[in-house]
Amino acid sequence: MSENVGQLSTKHLLGIKDLLVEDLELIFSTARNFKEVINRPVKKVPSLRDVTVANLFFENSTRTRMSFELAEKRLSADVINFSASSSSVSKGETLLDTVNNILSMKVDMIVMRHPAPGACVYLSKKINASILNAGDGAHEHPTQALLDAFSIKEQVGDIKGSRIAIIGDIIHSRVALSNIFCLKKLGAHVRVCGPPTLIPRYIHELGVEVSYDLEDTLRWCDVANVLRIQLERQKIKYFPSIREYSRYYGINRQILEKVGKNIVIMHPGPINRGVELTSDVADGPASIILQQVENGVAIRMAAMFLLATRV
Ligand code: CP
């Protein structure tokens, strides 16, 4: 992999909002190279040899955590992992003290998931190491949006002009916000769809259409990115029951057959099977859910490589 691949405009990956279109395209082209690398028999490159990365997860994760760790190992970085539940955070240590102690062990880069929106932005003002946001509350999840856009590009070619629906629990979703920023920058038409209680009132100000009608939205879109109902973030009841939600907003084979067109089905995971998607749709021919996960490793390799080699 050539070291002369261009530069990101930023030292951190805190969110999509502040990235330039050139940054997005640079990450995608670098990820395409890394995707080729990780499909070789020898999947490892020395690009981040002598770089030490700490993965700090203050919230649960399967995909993002393993994907970052695998990306770091494929790049030959040294990796340390931290879980809030088994750390001294439970003894009252602050976030900044925790991170400064980890950095004093000569760590170069921080990957962090945290339940507080803005936690990565806060840290970026206090420390020198590069930070990659692995999801901060209901704020942003930039690498998810990048891997989603990369996966959409593989399906539709140019994202510009394509119609992409984001369906479900928009109000609690960092994936929705990062996807909206990313897809709008790339020139897509974006629509959000879900029950009125799960759609932020002023979301149209981000340049997206709003619909409460799933069938109409499926007729409109080329790609449906279906989000998980985040019951763990819902302090009040936003809809009467899971059964009613899935009746009006769950995607099943019957509604896709009624709409009668090819729609790419995406989901960031974890899926509530039978709620947002039935299994025949999640595992069906239109689903690219596992391709999204595969692409996540290449996207995270690209983001870390570009941040680490930035001068
Ligand atoms: N998509 C996603 O962020 O999944 P995890 O919560 O398992 O990391």
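The values are calculated or read from the model by the stated rules, or taken from the named source; none is laboratory data. Because the structure is a prediction, the values reported are computed rather than measured. Reconstructed Cβ throughout: ideal geometry from the backbone, glycine too, with neighbour counts over all protein chains shown. Side chains included, ligands, DNA and RNA excluded: accessible areas come from the protein's heavy atoms. Shrake-Rupley method; radii C 1.70, N 1.55, O 1.52, S 1.80 Å.
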I'm trying to understand the selection: among the residues of the range 38-67, which are touching a residue at least 60 places away in the same chain (Cβ under 8 Å) and more than 30 Å from Pro115 (Cα to Cα)? Ile38, Ser47
Could you please let me know if Glu72 is within 16 Å of the ligand (Cβ to nearest atom) and outside the structural domain of Glu154 (by TED's automatic domain parsing)? yes
Kindly evaluate Ser61 against the criterion of being polar (S, T, N, Q) and in contact with a Pro (Cβ under 6 Å, 6 or more places away or on another chain). no
When every residue in the range 136-181 that is of a type in the set (Asp, Glu) and buried (at least 24 other Cβ atoms within 10 Å of the Cβ) is compared, the one farthest from Asp213 (Cα to Cα) is Asp136
I'm checking my understanding of the structure. Among residues of the range 39-64 that are more than 16 Å from the ligand (Cβ to nearest atom) and open to solvent by less than 20 Å² (accessible area, probe 1.4 Å), which one is farthest from Pro142 (Cα to Cα)? Val45
What residue, of Leu70, Leu26, Leu14, is in contact with a Gly (Cβ under 6 Å, 6 or more places away or on another chain) and at pLDDT 95 or above? Leu26
Which fully enclosed helices (runs of 4 or more DSSP H) of the range 206-311 have 3 or more residues being touching a Ser or Thr at 6+ places or on another chain (Cβ under 6 Å)? 289-308
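Rundown of residues vs (1) open to solvent by less than 50 Å² (accessible area, probe 1.4 Å); (2) closer than 25 Å to Glu294 by Cα, yes/no style:
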residue: Glu69; (1), (2): yes, yes
residue: Glu72; (1), (2): yes, yes
residue: Phe82; (1), (2): yes, yes
residue: Ser85; (1), (2): no, no
residue: Val89; (1), (2): yes, no
residue: Asn100; (1), (2): no, no
residue: Ile110; (1), (2): yes, yes
Counting only residues that are within 15 Å of the ligand (Cβ to nearest atom) and within 21 Å of Asn101 (Cβ to Cβ), how many does the range 111-146 have? 10
It is to be established whether one or more residues within the range 9-17 are closer than 18 Å to Glu69 by Cα, open to solvent by less than 50 Å² (accessible area, probe 1.4 Å), not in a loop (DSSP other than H, G, I, E, B) and not aromatic (Phe, Trp, Tyr). yes
Tell me yes or no: at least one residue of the range 290-306 is more than 18 Å from the chain's Cα centre (by Cα) and without any contact (Cβ under 8 Å) to a residue 60 or more places away in the chain. no
